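To keep things clear, I will list the structure first and then write my remarks on it.
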Amino acid sequence: TAAEAGQVLAFGAERVGRAVRRRLRALDEPAGEVARAVAVLGPPGSLEDVLGLTGVPRAQAGGAAEALASIGILTADRELDFVHPVVRGAVYGQIPSLQRQELHGRAAALMTSRHAESERIARHLLPIPGTGDAERLCVLRAAARDAGARGAADAAITYLRRALEEPPPPDMVAAVLHEL
């Protein structure tokens, strides 16, 4: 339960993972899709973002979120979040790598369509391989500028290193290296 969430670390991440998998198997598939979407989107998640990422009908997604809350996986108040980061890690870790990359790519596209902040979009670009996409490169550079402006040098460096992996066109490599 939410009141017992503090005991998660003492219980152990591996045991939590097993317990989460067991609980998820007891629910219908839309619950698994919602849990995976919330894990990929990261906190805080909205039902609208989950709907955009999964394509699960609103009524089913809402019911799935409530079911996940009833078994102690999600909190489903105004925003969707996991009861503990270790629980999120357990759900996120169960997603096969290629599916996780595909979900992050779709999440980046969803955030772009919703005009989200550059860093929110860029966080979804970090785990996926580069394709030489000019739009992704712009987002990563903008996220680095935004992170640098708020004093988060480590985040800016991470975004710029990922921008180099995109990779930029030859005539832009020097500019990205200079920013880095």
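We did not get these values from a lab; they are worked out from the coordinates using the rules stated. Everything quoted here is computed from the prediction, not taken from an experiment. Cβ coordinates were reconstructed from backbone atoms using ideal geometry, including for glycine residues, and neighbour counts include every protein chain displayed.
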At 7 Å along the Cα-to-beta-carbon direction for both Ala175 and Arg22, put a label point, then send me their distance in nm to one decimal.
-> 5.5 nm
Hey, if you put +1 on the Cβ of every Lys and Arg and -1 on every Asp and Glu Cβ in the chain, which of Thr158, Ser70, Leu41 ends up farthest toward the positive end of that dipole?
-> Ser70
Towards the positive end of the charge dipole of the chain, with charges on Cβ (+1 Lys, Arg; -1 Asp, Glu), say which of Thr131, Pro169, Leu24 has the farthest Cα.
-> Leu24
Helix 134-149 sits at what angle to the longest principal axis of the chain, using alpha carbons and giving 0 to 90 degrees rounded to 10?
-> 80 degrees
Would you compute, for the Cα atoms of the chain, the largest minus smallest coordinate along each principal axis and list the three values in descending order, in whole Å?
-> 54, 37, 28
Summed side-chain charge close to Ala35 - residues other than Ala35 whose Cβ falls under 10 Å, Lys, Arg +1, Asp, Glu -1 | +2
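Kindly provide the trypsin sites (Lys or Arg not before Pro) of segment 112-175 that DSSP labels as loop, not H, G, I, E or B, and whose Cβ sees at most 16 other Cβ atoms within 10 Å.
Working: sites: Arg114, Arg120, Arg123, Arg136, Arg141, Arg145, Arg150, Arg161, Arg162; in loops: Arg114, Arg150.
In loop regions of segment 112-175 (DSSP not H, G, I, E or B), the sparsely surrounded trypsin sites (Lys or Arg not before Pro) are Arg114, Arg150.
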